[in-house]
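Please treat every number below as a calculation from the coordinates, not as lab data. Source: prediction; values computed, not measured. In this analysis, Cβ positions are derived from the backbone assuming ideal geometry, glycine residues included, and neighbour counts consider all displayed protein chains.
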Amino acid sequence: SHGRVINFGAGPSALPTSVLEEATNGLLNFNGTGLGIAEISHRSKEFTKYLSEVESSIRKLLDVPTTHHILFTQGGGSAQFSAIVLNLLARHRLLHPNLTDDERVMDYVLTGSWSKKASEEAKRLGGGKVNIVTDARKFSKDQKSFDNIPAHDSYTFSCDPALIYYCENETVDGVQFSPDDSSPSSFPFHLPKQSSLLPLVGDHSSSFMSRPIARLAEHAVIYAGAQKNIGPAGLTVLIVRHDCIVDVDAAAKLGAAPVPLTMSYKTLADSGSLYNTPPVLPIYITGLVLQHALKQGGLERYAALNTRKAEKLYAAVREGADKGVLQAKVKEGSGSQMNIVFDVIKGDLRTFVGDAEASGMKGLAGHRSVGGVRISIYNAVTEEETDRVINYIKCFVDKNS
Ligand code: PMP
């Protein structure tokens, strides 16, 4: 309807059509106020009520315990690369005021280009040393690509780090921790024991709300940009354990870096995420998507659906590889359920992407840094739509084998 095609883009990405239709009403008249959602005050009682409902939807869907705050902010995942470091170094400073910068360590699990970028920002900001817990490239086929989740016994953590960082789903490289406990690439990895609560940080941007989050309660911070499964770009959702909401100014007095107010988790928490004007429209649409998800049966249903969609798609890629036309890019067992990546080795990649577009399927080109094909099948991409691209792959493979 509305001339819409199937959107396999990696983000911003497909949203449920019914939700977008509903949102057009809110753009004109938000919940009977007579004002459009992009025009109404973020301090109006209607909007603040809505914001608290969005929070409850997140709590319900992910079963977030009361130990954790839910905060809303802007700046995308990238702003969190910095905010995480600043807030958790401040926390660490308050816990261990006398360590030198060299003794203050941040542990990064490198599984792809997003965790790598996050670790580079930590290095750039300083105030602590970066320890690479494991680097997946060392275990890859060509020693240089991110094509696997390393086995847990390769992880070396430091003692009492300021943070332990991982990226749950690497959107560019198409690798993801497995939900299957018996898999060598499962999450959690062997979490280290330490004296204070574990400062475990997860970037869940591209898998947020696609399935339940394993060991959520043990996380210090989970964050996600909205623009994959839950809404438009412009909103970042944070789930932050209470001990990570710290007085950053007190930490600065002890020598920690000053934290910009808009990046301080304490500012966000103290103001109910309304320190400054929040992204009202993205919050609105995200709220509608989450209500829709609840009505659809919540994350158990999406988990089952997303597993089925991904398994079928990987099977088609394997078949294409057996016939010498396609080549999987990631190690079996490490593949993402959200972003399926592969190469076309016989036949033309541009034809693959171009003919798909001509038949109403957009967004199949791989990330500019890695090329190839990337098919993103977020929550809003239905099983029927997934079947469409699978049939397309099968035809392409038959034509070229
Ligand atoms: N982390 C992951 C896993 C991502 O997929 C992205 C963006 N695609 C980012 C972080 C960066 O997010 P943003 O573009 O919102 O800054």
*Nearest-5 percent of antiparallel DSSP beta bridges in segment 158-236?*
25 percent
_Extension gain (nm, one decimal) between Arg368 and Thr156, 0.36 nm per residue minus Cα-Cα_ = 73.2 nm
_Cut-off is 10 Å between beta-carbons; in what order do Leu254, Leu71 appear when sorted fewest neighbours first?_
Leu254, Leu71
_Inter-part distance where segment 250-328 and segment 72-126 are each reduced to a Cα centre, Å_ = 19 Å
*Please work out how much length the chain gains when fully extended from Leu261 to Asp181, using 0.36 nm per residue of separation minus the C-alpha to C-alpha distance, in nm with one decimal.*
24.8 nm
*Please figure out what share of the DSSP beta bridges in the chain is antiparallel and state it in percent, rounded to the nearest 5.*
55 percent
*Based on the Cβ-Cβ distance from Asp63 to Asp348, what FRET efficiency comes out when R0 is 41 Å, to the nearest 0.05?*
0.30
*asked:* Just want the ordering: Cys244, Cys167, Cys395, from fewest to most Cβ atoms lying within 10 Å of their own Cβ.
replied: Cys395, Cys244, Cys167
*With label points built 7 Å along Cα→Cβ from the Cα atoms of Ala233 and Glu21, find their separation and express it in nm.*
2.8 nm
*Relative contact order (%) - segment 194-276, alpha-carbon pairs under 8 angstrom, separation at least six*: 20 percent
*Determine, for Ser186, Ser154, Ser115, the number of other Cβ atoms within 10 Å of each Cβ, and report the residues in order from fewest to most.*
Ser154, Ser186, Ser115
*Do any trypsin sites (Lys or Arg not before Pro) in segment 100-194 lie in a loop, going by DSSP, with at most 12 other beta-carbon atoms within 10 Å of their beta carbon, and if so which?*
Lys141, Lys144, Lys193
_Tell me which of Val353, Gln327, Ile239 sits at the most positive position along the dipole axis of the chain, charges placed on C-beta atoms (Lys, Arg +1; Asp, Glu -1)._
Val353
*When the helices in the chain are scored as -39500 (n - 2.57) per DSSP H run of 4 or longer and the sum is shared across all residues, what 222 nm value do you end up with, to the nearest 500 deg cm²/dmol?*
-11500 deg cm²/dmol
*Report the net charge of residues surrounding Leu125, where surrounding means a beta-carbon distance below 14 angstrom and charges are Lys +1, Arg +1, Asp -1, Glu -1.*
+3
*State the answer as a single residue: which of Ala380, Val172, Ser41 lies farthest towards the positive end of the charge dipole of the chain, with beta carbon charges of +1 for Lys and Arg and -1 for Asp and Glu, about the Cα centre.*
Val172
*In order through segment 38-43: 3J(HN,Hα) via Karplus (6.51 cos²θ - 1.76 cosθ + 1.60), integer Hz, x for Gly, Pro*: 7, 10, 8, 5, 6, 9
